[in-house]
1. Suppose the filter is at pLDDT 90 or above, farther than 30 Å from residue B:431 by Cβ, in contact with a helix residue (DSSP H, G or I) (Cβ under 8 Å, 6 or more places away or on another chain) and within 14 Å of chain B (Cβ to nearest Cβ); does residue A:132 pass it?
2. Can you find a residue in segment B:243-252 that is farther than 25 Å from residue B:447 by Cβ and either touching a strand residue (DSSP E or B) at 6+ places or on another chain (Cβ under 8 Å) or in contact (Cβ under 8 Å) with a residue 12 or more places away in the chain (or both)?
3. Does residue B:404 qualify as being part of a helix (DSSP H, G or I), over 29 Å from residue B:309 (Cβ atoms) and within 14 Å of another protein chain (Cβ to nearest Cβ)?
4. Restricting to segment B:442-462, name every residue that is within 17 Å of residue A:155 (Cα to Cα), facing chain A (nearest Cβ under 9 Å) and buried (at least 23 other Cβ atoms within 10 Å of the Cβ).
5. In segment B:1-18, what count of residues is obtained for those that are at pLDDT 75 or above and not in a helix (DSSP H, G or I)?
6. Go through segment B:468-484 and report how many residues are surrounded by fewer than 18 Cβ atoms within 10 Å (Cβ to Cβ) and outside any helix (DSSP H, G or I).
7. Consider segment B:189-221. How many of its residues are under 27 Å from the mean Cα position of the chain (by Cα), farther than 18 Å from residue B:285 by Cβ and surrounded by fewer than 21 Cβ atoms within 10 Å (Cβ to Cβ)?
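The values are calculated or read from the model by the stated rules, or taken from the named source; none is laboratory data. A quick note: this is a predicted structure, and the numbers were derived from the prediction, not measured. Glycine also receives a Cβ, built like all others from the backbone with ideal geometry; neighbour counts cover every protein chain displayed.
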């Protein structure tokens, strides 16, 4: 099973692809597009190989497909990869959304005089960095990619974004993330100094828990703030509406659909097993923040006038649910949170992409510029409604399963919180349906008739790229069992630390090379 | 032969300095004998060859851990060849080679950035005559004298030798600052400012040395350290001495509040000289600080720890905040160099735990900053450098290669992973945490976050803004400056991706003799 270095390939292929695409001349835009798409296709194939080779049994090793190569010996820094069920889902999401995002922005750059090869190279570099954060099993290695991915995203927003505030948004995004990352860096260094120079994740979680409670609390906060900014959790969220509003829609789909999940993924991967006591100390506060986030962001979303900002705010509300699911510490809620991360990527990714279709046709993402648009764009309106309904967790769509699991799990532990969070569902219905009504239904905005593109319904390319997302949302809505099977062992392992029985962990597979 | 009887001299150990000084004198002879038209290649070849030879001599000395002068087996303090001293000498030699190449660039503007007689009235007949000439080759011997002084500074084991070295490295630099061909007024103002303040600093140094001599009865650093525990003299002499010596050294290192000269001098001096100062003088100044505090003042750490901590905090925060508001790329880099001096001070305060990491930081920062100034010297409005940031807008469109390079350098200065900026900050802060300096590390991190903003502002300008119709041109190909940029960027990335070998070297070379 471990013959091929599949995980190394997952990081290396898009990285090399990025270099190749970047070296293509500006004039050969089509060559760059197809090369980038082919590279992301190879990533999908490798991901499929990993998914088929993965051992889903309950007692299987936590991290699988492990690889380890010494990099900087003085720091105990290895290039070491490993994948668990949670990471596998995230990798699949990344690998799946990237080619879709590429297809979605296939011709968007024709209107602006920006380099097409550079755009696709940046997307591939971003994909490589995001995959690396999910696969890294060395804390410092994780940090490297956690920071490095800011660079491609910064240029994608700042250089290829839309709207007058794109530079402001890009800089704000970069500085917020960098600040969070630097807090994490201090915590990483302090952790390293205190445990005798170990960065290897497996060694760290198997070690005795830290005796010094105060230190553990500080380290937890250092990591958590970085991840909470990345996710983003209320009240660290203010960069997301700006970034999401300014980024090209396909990039926003990657930003909110995948990159933000790194925050919640890392909380599960690093905060819970490494600082279990501190996690429990802060859990009530974080649950409180999550619930406020669910309600506050939903209210703000209702008031938005820009479609992309609206979708960004809905995401903040959804991240509240994920936070609630993780920190309620029940198997159902944590499993639900991980599924939520995956399903939210599908649903919000689709929503952002459809909004992108609209914005490129109309030349604006302002809600007021639409109205009655469904008359000339029936199919697009249908997909838009579908994506909206999925994101409000309509039963039958995948997000319903995860939202139900989160609330169900939270309810068994903390009823008032679960009841409050449930209000978020009602608000979600309000912002989604009202958004749809204002843009697609009602009296037709006469200005729309002056825009010929608004009479062009979904093209073949657009149909091809939304189809997999629609199928996945429906498929996992009716049959979520494969996802649950993949996630549950890893979630159980993680929660063992909170219940205080980490000795029941499965043994590590294939002791690393060093 | 009386006192010198039994004096043993380690000639091989002194060879690097002897080579550099000899080449400097040789350069003076070249000025006197070789025809003007052929001086430039001869001088550059001589300087580079001498520095390369000095570097090889340093490498051959590696592993030495003794005084260069000894009487009947007992080492004298004056010149000490130990791990840190040798490592810093080697670093200085390499960085100086790079800086000399930048000084030698003549393609950017006819005749180069320097004039031989800056005092000649601008645009007078005499001035036009000297502008036409491929002149001002005396900068190379001057540079060699300064670099020789720096090499001596980092190996000086007593305060007196250190003072000689300090003057040796400073005087040529004062002169070099004033030799700009363009914007002569601010260049000369910079030279005067640097000279006056530097003279003050030297005076402080001599007073401080006298105080410490009164306290310890010796100018030998190891002796001062012993006296820190055992001397019966009033401790006030120690305090005054430490304070005054520290003022002089922190002045050279550009720490707040002794930084006032830095932005003006960095801006006014010809850019290649600024690069030399930002890279090499930084190495020398911190080499001296490391040695004085580790060897001479470790035993009195309690007495200076608080005040130096305050200075480090002020330097980190002050440098970063002032950098935010800058509109001139050279001033921005000057304030960034002040903030970086703050990070390096953290390494000095952490004493023995962080010597190796501080040296690593010096090497990493030196290469990055030299390349950054080299790029600055290439971006030009006609004959003049376009140093105002607004003129850099949209450079990514007109000269993508230059913009990519400068972006990498900015990201390295901001400390992004996969660049030397990250490895250097990481190891330095880790060492400081090991020495229980958590507070300083947190301030350092906050300062880095603030400092990221001005760097990012430059990146925004390069890529996301539209260029002006009369945007500056990038002077390519410029073989010399191009080599400098390539070397600096290569080192920046190499030390970020594969820092292992250099980390091992600094680890082995991190112990001072007599600590």
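1. Details: at pLDDT 90 or above: yes; farther than 30 Å from residue B:431 by Cβ: no; in contact with a helix residue (DSSP H, G or I) (Cβ under 8 Å, 6 or more places away or on another chain): yes; within 14 Å of chain B (Cβ to nearest Cβ): yes.
Taking the combined requirement at face value, the residue does not satisfy it.
2. Initially, segment B:243-252 is screened for residues farther than 25 Å from residue B:447 by Cβ, giving B:244-245.
Subsequent filtering for residues that are either touching a strand residue (DSSP E or B) at 6+ places or on another chain (Cβ under 8 Å) or in contact (Cβ under 8 Å) with a residue 12 or more places away in the chain (or both) retains B:244-245.
Checked against the condition, which is being farther than 25 Å from residue B:447 by Cβ and either touching a strand residue (DSSP E or B) at 6+ places or on another chain (Cβ under 8 Å) or in contact (Cβ under 8 Å) with a residue 12 or more places away in the chain (or both), segment B:243-252 yields at least one hit.
3. On the way: part of a helix (DSSP H, G or I): yes; over 29 Å from residue B:309 (Cβ atoms): yes; within 14 Å of another protein chain (Cβ to nearest Cβ): yes.
Answer is yes for this residue.
4. Of the residues in segment B:442-462, the ones within 17 Å of residue A:155 (Cα to Cα) are B:452-462.
With the extra rule that they be facing chain A (nearest Cβ under 9 Å), the set shrinks to B:452-453, B:456-457, B:459-460.
Hits for segment B:442-462 are B:452, B:459.
5. Kept after step one, since they are at pLDDT 75 or above, are these residues of segment B:1-18: B:6-18.
So of that shortlist, the ones also not in a helix (DSSP H, G or I) come out as B:6-10.
Looking only at that region, the number is 5.
6. Summing the residues that are surrounded by fewer than 18 Cβ atoms within 10 Å (Cβ to Cβ) and outside any helix (DSSP H, G or I) in segment B:468-484 gives 6.
7. Number of matching residues: 5.
Rundown of residues vs (1) more than 24 Å from residue B:423 (Cα to Cα); (2) assigned to a helix (DSSP H, G or I); (3) within 14 Å of chain B (Cβ to nearest Cβ), yes/no style:
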residue: A:31; (1), (2), (3): yes, yes, no
residue: A:47; (1), (2), (3): yes, yes, no
residue: A:59; (1), (2), (3): yes, no, no
residue: A:67; (1), (2), (3): no, no, no
